[in-house]
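Undergrad: Have a look at the structure that comes next, please.
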Amino acid sequence: MDFKIKSREDYNEHYELSIKSPENFWEKIAANFTWKKKWNKVLDYNFQTPEINWFKDAKLNITENILDRNLKDKGNDLALIWEPNNPNDKSKTYTYQELYNEVNIFANTLKSIGVKKGDTVCIYLPMIPQLSIAMLACARIGAIHSVIFAGFSAKSIADRVNDLSAKVIITADGLNRGEKHTPIKPIIDEALEQCPTVKDVIIFNHTNIDIEFVKGRDSWWNELSKGQSTICDVEEMDAEDPLFVLYTSGSTGKPKGVVHTCGGYMVYVAYTFQNVFQYEENDVYWCTADIGWITGHSYIVYGPLLCGATTLIFEGVPSYPDASRFWQICNKHKVAIFYTAPTAIRSLMSHGDEFVKTANLSSLKVIGSVGEPINEEAWQWYNKQIGKEKCPIVDTWWQTETGGIMLSALAGITPSKSTYAGLPLPGILPVLLTKDGEIIEDSNVEGLLCFNTPWPGMIRSIFNDHDRFKQAYFSAFSGYYFSGDGAKKDKDGLFRIIGRMDDVINVSGHRFGTAEIENAINTCEFVIESAVVGYPHPIKGQGIISFVVCSDLEKDTTIKNKKINEAVVEEIGKIAQPEIIIFVEDLPKTRSGKIMRRILRKIAEHEFDSIGDTSTLLNPSAVKHIIESYKKQTNL
């Protein structure tokens, strides 16, 4: 691809053009791709409505740019490396030709059961090659895929399936994760009791466990695919047709179905992958994220494969069979670019340096971080122990909604500074605003991170709820996309992310709305009301703490704790369980009845003496009681 930034001067030129003339800039980038019909207009948008159109009226298929285009020169090159959970099991690889064949076979399989352009298909699979194959097969025939993280509960699955009116679910018998071997087909069966639109369930046999089959609905992947052709013509898609819907938590209870479209997303993830990581031919690239989240979509599947890269998919966890696993995989596959989360870095750092020393990491050229801001101590350890002080660190900031990386160093090109994400990428014009909407010009002043111009990879809508899209992202400040994050900028223009400004908790890079966790807790018959906040966690970045008002406060809390956690697991999944549950008599509220989570966050952070003025609360005495309860129940 002819859009690689090779020097700081290149970056300056790209950035200047992208801001002065965004249409000319992105038109030059888009010219690197295969289009069935060129656009009539590069950009047409209105942030008031809001409506965003990139490459208007252009026609394409993203898989033609991933597969067909790469066959001639890269057909025998590795596209995917799959590393299984158990290090004693054999890795599996796919060349671009083999991936082309597998995607076409499964695309034809989907067509054989009636899946067509515009249909929605849910995917609930572990981290196996079939997950990426299923995504690409959907994209090839114009079906909209929605990957559901294979750790969510039946209730969470049902909510997403019903919101999408999905016809098909693709799943597996079970998954392997460290020492755990978990059946997942029963979770799908439970979910589908509430999902009338699903007519077909395709199951990949991954763990060879016995499962129940529903006659007329369930089929084995391999049996259904038997005899299907390795040729499948691509469906012609409009640039603004939906490519996928991915659900993310918001500050209200219902997750938001973020819609990304075919043309702009393709251009943006390829451009950002190539330039942030400075990918070079024959590099082995490994992002440790789960494909069930946006990082996996953009920087395991679409971004790398659009650039003809070799991308590694790992089924397991960093601590199994011991804390050397990540580094052993880097050694085994000669990984050049490594992209992981601060949670994983902090966790592995806590095991000491000896596990790092078991592996040869000389192949590494670039190391990256994603999911949340990386703290100073973790950054320094990562730089010294993993990068050996010779690998640039790219600490990337972006969101499910942005589609791709927005703020980051470009490896070895632009400055990398600990605890700072870095400069904006070309095409990105960040603005810091006060809560009153005033632009902050001074450096090192915290503000609200906003954007007043669009970029090709950005969210287009919330599925079936455009009004919520407008309310969530464009209502806070007229004419701006509001990220929900606070940030500040240093004198050199580098951005540092402060954290969420709304009621969203970031646990190990996974976002959960406080409302959705509270809704789950409130289903317990003994709970009157609850309030959930995040607190600093040494490994996860943020942990979840719940303050709960009960009808029978004096009774033993052991059973209550158990039932609350069970409710959260059932409604959302294990990853959203509160680490700490504090039972209280009342919650701090304004006179209009709003719970003051700011006060609860101060208590959770042990800032008991800096809670601030409580005189305007409806129940100021509640704060003292909550602090006493917190100290008593946490043995402070």
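Undergrad: Could you check the stretch 137-166 and list, in sequence order, the residues that are in a loop (DSSP other than H, G, I, E, B) and within 22 Å of VAL301 (Cβ to Cβ)?
TA: If the condition is that a residue be in a loop (DSSP other than H, G, I, E, B) and within 22 Å of VAL301 (Cβ to Cβ), then GLY142, ALA143, ILE148, PHE149, ALA150, GLY151, ALA166 are the ones that fit.
Undergrad: Looking only at strands (runs of 3 or more DSSP E) that fall completely inside the stretch 518-602, which ones have 2 or more residues that are under 25 Å from the mean Cα position of the chain (by Cα) and over 26 Å from ALA344 (Cα atoms)?
TA: none
Undergrad: Tell me whether the stretch 465-472 contains one or more residues that are farther than 30 Å from TYR247 by Cβ, modelled with pLDDT of 95 or more and crowded, with 20+ Cβ neighbours inside 10 Å.
TA: Scanning the stretch 465-472, I find no residue that is farther than 30 Å from TYR247 by Cβ, modelled with pLDDT of 95 or more and crowded, with 20+ Cβ neighbours inside 10 Å, so the answer is no.
Undergrad: Pairs needed: first member in the stretch 456-474, farther than 16 Å from ILE294 by Cβ; second member anywhere, in a loop (DSSP other than H, G, I, E, B); C-beta distance under 6 Å; at least 6 residues apart or different chains.
TA: LYS470/PRO50; PHE474/PHE47; PHE474/PRO50
Undergrad: Out of the residues in the stretch 65-104 meeting the condition of being within 16 Å of ILE231 (Cα to Cα) and among the basic types (Lys, Arg), tell me which one is surrounded by the fewest Cβ atoms within 10 Å (Cβ to Cβ).
TA: So the residue we want is LYS72.
Undergrad: Would you confirm whether or not the stretch 66-73 contains a residue that is of a type in the set (D, E, K, R), more than 19 Å from ALA239 (Cβ to Cβ) and assigned to a helix (DSSP H, G or I)?
TA: Yes, the stretch 66-73 has at least one match.
Undergrad: Now for a separate question. Might you check whether a residue that is at positive phi and not assigned by TED's automatic domain parsing to the domain that holds PRO536 occurs anywhere in the stretch 433-447?
TA: Looking for residues that are at positive phi and not assigned by TED's automatic domain parsing to the domain that holds PRO536, one finds at least one in the stretch 433-447, hence yes.
Undergrad: Please determine whether any residue of the stretch 452-463 is under 25 Å from the mean Cα position of the chain (by Cα), assigned to a loop (DSSP other than H, G, I, E, B), small (Gly, Ala, Ser) and crowded, with 20+ Cβ neighbours inside 10 Å.
TA: Looking for residues that are under 25 Å from the mean Cα position of the chain (by Cα), assigned to a loop (DSSP other than H, G, I, E, B), small (Gly, Ala, Ser) and crowded, with 20+ Cβ neighbours inside 10 Å, one finds at least one in the stretch 452-463, hence yes.
Undergrad: If only one of SER298, SER319 is in contact (Cβ under 8 Å) with a residue 60 or more places away in the chain and surrounded by fewer than 24 Cβ atoms within 10 Å (Cβ to Cβ), which one is it?
TA: Of SER298, SER319, the one residue that is in contact (Cβ under 8 Å) with a residue 60 or more places away in the chain and surrounded by fewer than 24 Cβ atoms within 10 Å (Cβ to Cβ) is SER319.
A quick yes/no check of all residues on (1) within 27 Å of THR288 (Cβ to Cβ); (2) crowded, with 18+ Cβ neighbours inside 10 Å:
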position: PHE482; (1), (2): no, yes
position: ILE497; (1), (2): yes, yes
position: SER508; (1), (2): yes, yes
position: GLU516; (1), (2): yes, yes
position: THR523; (1), (2): no, no
position: VAL527; (1), (2): no, yes
position: VAL533; (1), (2): no, yes
position: PRO536; (1), (2): yes, no
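Undergrad: Another one. Out of ALA409, ALA476, I need the residue that is within 30 Å of LEU361 (Cβ to Cβ) and in a loop (DSSP other than H, G, I, E, B). Which one?
TA: ALA409
Undergrad: Follow-up. For the stretch 429-447, which residues satisfy the criterion of being at pLDDT below 95 and crowded, with 16+ Cβ neighbours inside 10 Å?
TA: Selection gives GLY447 alone.
Undergrad: For the stretch 218-255, which residues satisfy the criterion of being out of contact with any helix residue (DSSP H, G or I) (no Cβ under 8 Å at 6 or more places or on another chain) and assigned to a loop (DSSP other than H, G, I, E, B)?
TA: Correct list: LYS226, GLY227, ASP233, GLU236.
Undergrad: Now a separate question. Test each condition in (1) farther than 20 Å from SER146 by Cβ; (2) modelled with pLDDT of 95 or more for SER251 and report the one that comes out false.
TA: With (1) farther than 20 Å from SER146 by Cβ; (2) modelled with pLDDT of 95 or more applied to SER251, the lone miss is (2).
Undergrad: Would you check if GLU16 is assigned to a helix (DSSP H, G or I), over 28 Å from the mean Cα position of the chain (by Cα) and either surrounded by fewer than 22 Cβ atoms within 10 Å (Cβ to Cβ) or on the phi < 0 side of the Ramachandran plot (or both)?
TA: In short, yes.
Undergrad: While we're on this one: Working carefully through the options ASN383, ASN360, find the one that is polar (S, T, N, Q), at negative phi and either in a loop (DSSP other than H, G, I, E, B) or not assigned by TED's automatic domain parsing to the domain that holds VAL258 (or both).
TA: It is ASN360.
Undergrad: For THR288, which of the numbered conditions (1) free of Cβ contacts under 8 Å to residues at least 60 places away in the same chain; (2) crowded, with 24+ Cβ neighbours inside 10 Å fails to hold?
TA: All conditions are met except number (2).
Undergrad: Just the residues that are more than 14 Å from TRP381 (Cβ to Cβ) and aromatic (Phe, Trp, Tyr), please, taken from the stretch 339-368.
TA: TYR339
The values are calculated or read from the model by the stated rules, or taken from the named source; none is laboratory data. Note that the structure is a prediction, hence the values are computed from the model and not measured. Don't worry about glycine lacking a Cβ; one is built from the backbone with ideal geometry, like all the others, and counts go over all protein chains shown.
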